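The values are calculated or read from the model by the stated rules, or taken from the named source; none is laboratory data. These figures come from a predicted structure and were not determined experimentally. Cβ atoms come from the backbone with ideal geometry, glycine included; neighbour counts cover every protein chain shown.
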Amino acid sequence: MQSRRIAVFVALVSVGACKNKATGPGPLPTVTITRGDIAVRVQATGTVEPINPVDIKSKAQGMIIKMPVEVGSVVKRGDLLAQVDPRDVKNQFDQAVADDVVATVGIERAIRDRARKDTLFARHVITQSEHDSTRSTFAAAQSQLVSAKASLDLARQRLEDASVEAPISGTIVNRPVTQGQIITAATSANGGTTLMTVADLGRVRMRVTIDEVEMGNIRVGLPASVAVDAFPDRTFDGVIEKIEPQAVVTQGVTFFPVMVSINNKDGLLMPGMNGEVTIRAADLANVVQVPIDAIRQTSELAPVARMFAIPVDSLTSLMRRDLVPSEGGSQTGTPGKYVIVALPDSTYEMRVVKVGPTDLRVVQVTEGLQPGDKVVALGAIVTGRPLSPPKLQLAANIRRGAPPPVAQAGQAKKQ
């Protein structure tokens, strides 16, 4: 009986030892830091639109009697687009021509009369007042000739305006009027009837919106490739033409409009086509990279505090003030980026890092990590944690009391 009790006691001790061993701190999932290439790409969707389309209006008013172009017609500069009924302006032009002829004859007669009166005045045949009257008549004839020529020029312009010609080479993308319709003249920039819209489709653009978190990787001049649903096996070359400074907020998310100009020399892209733009933001070779899941901001301490059984306030009180976004309700700093590094003695270290571009899978680390370091996959520890929390310490570059990186650089320079 006693031997049986001893055996049971030994079994219980063994089970207890195994249980204590199982509840001890276990290793967290880690990833080893390596070097590699990062292709930073920014993707967005948009719609093809023409670059600088021109609205065609007529300076003449009346009925459209001829319109030789349709939507999709390719025109060259100077081609006839529409003909307004020219009868009224033609009559005005003929009258101006007649007035010009009369004014020309009048000035010729005034010249001859002035020459004759000058001779008579020199021979003292006529008086001074008669001579002055001749000069006045000549001046009036000159004024009438200038007025007639100006009226003739205006009438000629009105006659020419009745024939609407293409100001640029391009494609008719819109034509809201038809032959036989009566139009009004464009007497101002916003007045008049729009006859059609012409655009050069040899180069089009796509308007896309980029999330504000990606704007650090975007700049004018970056190359891009465009894929549209109509041509799934082909991409088109483009380049960032413009970045609009005014943000657009959609459902609480901030975006910035970006214009990507696209080479469309084959004329395959048409206004209104939907497509996807891939911007080649950067191509980094042989850089230190870390999975994006292993990096968090210093304002996101809850997962780490829960894993290592440390209150968030305690972690915050140990961190540098310039890394703590809010302390005591006042704004004191700007959040930084941190990782959890597994040390050789099975403990862990919270360390600040500086990051570069990312492809949304891995991110470049420019400071704080070296190849061979092991960082904790922070996304994995949110869903599970060991029964006994492991030990965490703060690295010198994040611990309160240590000077910020700028101050360290300044001290090194003094030394």
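A few remarks follow.
- Looking only at residues in the range 285-299 that are over 16 Å from D373 (Cα atoms) and crowded, with 16+ Cβ neighbours inside 10 Å, the one that is farthest from the chain's Cα centre (by Cα) is T298.
- Selection status of D161, out of contact with any helix residue (DSSP H, G or I) (no Cβ under 6 Å at 6 or more places or on another chain) and without any contact (Cβ under 8 Å) to a residue 24 or more places away in the chain: no
- Against the list (1) crowded, with 19+ Cβ neighbours inside 10 Å; (2) more than 30 Å from M270 (Cα to Cα); (3) under 60 Å from the mean Cα position of the chain (by Cα), the condition G170 fails is (2).
- Residue among G16, G78 that is among the small types (G, A, S) and modelled with pLDDT of 90 or more: G78
- You will find that of G267, G191, G216, the residue that is small (G, A, S), on the phi > 0 side of the Ramachandran plot and not assigned by TED's automatic domain parsing to the domain that holds R361 is G267 and no other.
- The range 307-317 - residue that is touching a residue at least 24 places away in the same chain (Cβ under 8 Å) and exposed (fewer than 15 other Cβ atoms within 10 Å of the Cβ) and, of those, nearest to K391 (Cα to Cα): A309
- Scan the range 48-81 for residues that are more than 28 Å from N263 (Cα to Cα) and either touching a Lys or Arg at 6+ places or on another chain (Cβ under 7 Å) or exposed (fewer than 15 other Cβ atoms within 10 Å of the Cβ) (or both) and the total you get is 5.
- When the range 81-102 is filtered for residues that are of a type in the set (A, V, I, L, M, F, W, C) and under 60 Å from the mean Cα position of the chain (by Cα), the ones remaining, listed by number, are L81, A82, V84, V89, F93, A96, V97, A98, V101.
- Residue selection: V406 satisfies the criterion of being outside any loop (DSSP other than H, G, I, E, B), under 38 Å from the mean Cα position of the chain (by Cα) and at pLDDT below 90.
- Residue list for the range 173-205, restricted to those being under 26 Å from the mean Cα position of the chain (by Cα), farther than 12 Å from D55 by Cβ and surrounded by fewer than 19 Cβ atoms within 10 Å (Cβ to Cβ): D200, G202, R203
- Selection count where residues are surrounded by 13 or more Cβ atoms within 10 Å (Cβ to Cβ) and modelled with pLDDT under 90, scope the range 213-230: 5
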